[in-house]
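Q: Structure incoming, see below.
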Amino acid sequence: MSRRDKTKFEKWFSLSRHKRRSGAKELSEHISIDFSQQKQIVIDGDKIKYTHGSSNNLDEHFVALRDEFVGQSELCYTHAKIVVLIRRDFDTENHFALLQQLWKEEKDYLLKNLNMRWLLSATDTFADFSDNDAIKGLSLACSCLLNTVKIQESERFITNFNNNVDDKEKITRLDNEERIPLFDGTSVFKIGTDDTLRNMRWRIDKVAKINIAGEILLEIFLRLQEHDTIFMRLRERHKRNKTGWW
């Protein structure tokens, strides 16, 4: 039997969820909605410290969360706090409306300045709470793309598989137009010339014009080309300009 998310009724009677919302009202009241001014305020600190997991004490979690945004603007931190309050089911309707307002007013700034963790947190929240099916669908696409790359790179890390030396014999087989199966009808991507990712990029470009979730999907896709991921490594091996996807 597959596991399932708890129902709203079950969540309401969850003691731990009530504990994790304790103090939320006071903290919520201190969230400024002057978004423009917050872009000018830089969070000070010695170095960035990423949270791993979260404290049941919301005040402690907000303090720890602040260290993730050292050197960034107060607005990025505000975005994170709103998402956390929604995740802890505190005044969800109003805070989700505030999140939507923030993205409407500061979309370009957030796309440029949020890291992929918080871009994904935003789309996960859209997927859970938006009443727009197009936004929900494209938000889930963001999650599928980034989490697939995350687990692929995680496997690469834990197996120490970072040599990346090409097997010339296999490359020759692909160059000779041999279709090499992977699983369930899927075949090996033809390194260097394949048009699969170019065509996917064109489709992403189109959906990026539909709504904010589509724009975030495109931003995530483009950033995956800039970091040491499977996309960058394939980009470095690509040789046919007309099938480039970046």
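None of the figures in this text is laboratory data; all of them are computed from the coordinates on show. Everything numeric here is computed off the predicted structure, so don't read it as measured data. Using ideal geometry, Cβ is built from the backbone for each residue, glycine included, and neighbour counts are taken over all protein chains shown.
Q: With Kirkwood's inverse mean 1/r over C-alpha pairs for Rh, give me the Rg to Rh ratio of the stretch 140-243, two decimals please.
A: Reported Rg/Rh, Kirkwood definition of Rh: 0.98.
Q: Further question on the same structure: If you line up the Cα atoms of the stretch 37-144 on their principal axes, what length do they span on each, largest first, in Å?
A: For the stretch 37-144, the Cα extents along the three principal axes come out at 42, 31, 27 Å.
Q: What is the sum of charges, Lys and Arg at +1 and Asp and Glu at -1, for the other residues whose Cβ falls under 10 Å from the Cβ of Trp245?
A: Summing Lys and Arg as +1 and Asp and Glu as -1 gives +1.
Q: Connecting C-alpha atoms closer than 10 Å in a GNM of the chain, tell me which of Ile191, Ile212, Ile171 has the biggest fluctuation.
A: Of Ile191, Ile212, Ile171, the Gaussian network model singles out Ile171 as fluctuating most.
Q: Give a quick list of trypsin sites (Lys or Arg not before Pro) in the stretch 187-246 that DSSP marks as loop, anything other than H, G, I, E or B, with at most 12 other Cβ atoms within 10 Å.
A: Loop-located and lightly packed - Lys209, Lys239, Arg240.
Q: Shifting gears a bit: Just flag the GluC sites (Glu not before Pro) in the stretch 107-192 sitting in loop per DSSP whose Cβ has no more than 10 other Cβ atoms within 10 Å.
A: Hits after loop and neighbour filter: Glu177.
Q: Filter the cross-link list Lys107/Lys239; Lys49/Lys150; Lys49/Lys206; Lys47/Lys107; Lys136/Lys242; Lys150/Lys209 down to pairs whose alpha-carbon distance in this structure exceeds 30 Å.
A: From the list (Lys107/Lys239; Lys49/Lys150; Lys49/Lys206; Lys47/Lys107; Lys136/Lys242; Lys150/Lys209), the Cα-Cα distance tops 30 Å for Lys107/Lys239; Lys49/Lys206; Lys136/Lys242.
Q: I'd like the Karplus ³J(HN,Hα) series for the stretch 181-194: coefficients 6.51, -1.76, 1.60, θ = phi - 60°, whole numbers in Hz, and an x wherever there's a Gly or Pro.
A: Along the stretch 181-194, the couplings run x, 10, 6, 6, x, 8, 10, 5, 5, 7, 4, x, 9, 3 Hz.
Q: When Ser143, Ser121, Ser187 are ordered from fewest to most other Cβ atoms inside 10 Å of their Cβ, what list results?
A: Lowest to highest Cβ neighbour count: Ser187, Ser143, Ser121.
Q: Okay, next question. With viscosity set to 0.692 mPa s and temperature to 37 °C, compute the Stokes-Einstein D of the chain, Rh being the Kirkwood radius across alpha carbon pairs; µm²/s, no decimals.
A: Approximately 159 µm²/s, per Stokes-Einstein.
Q: Now a separate question. In degrees, nearest 10, range 0 to 90: what is the angle between the Cα axis of helix 74-87 and the longest Cα principal axis of the chain?
A: Rounded to the nearest ten degrees, it is 80.
Q: Cα-based Rg (one decimal) and Dmax (whole number) for the stretch 203-244, in Å?
A: Cα radius of gyration and Dmax of the stretch 203-244 are 11.9, 33 Å respectively.
Q: While we're on this one: Among Asn132, Asn115, Asn160, which one shows the highest mean-square fluctuation when the chain is modelled as a Gaussian network with alpha-carbon springs under 10 Å?
A: Asn160
Q: How would Asp166, Asp67 line up from fewest to most surrounding beta-carbon atoms within 10 angstrom?
A: Asp166, Asp67
Q: For the stretch 172-219, state the average projected area of the convex hull of the C-alpha atoms over all orientations, rounded to one decimal in nm².
A: 4.4
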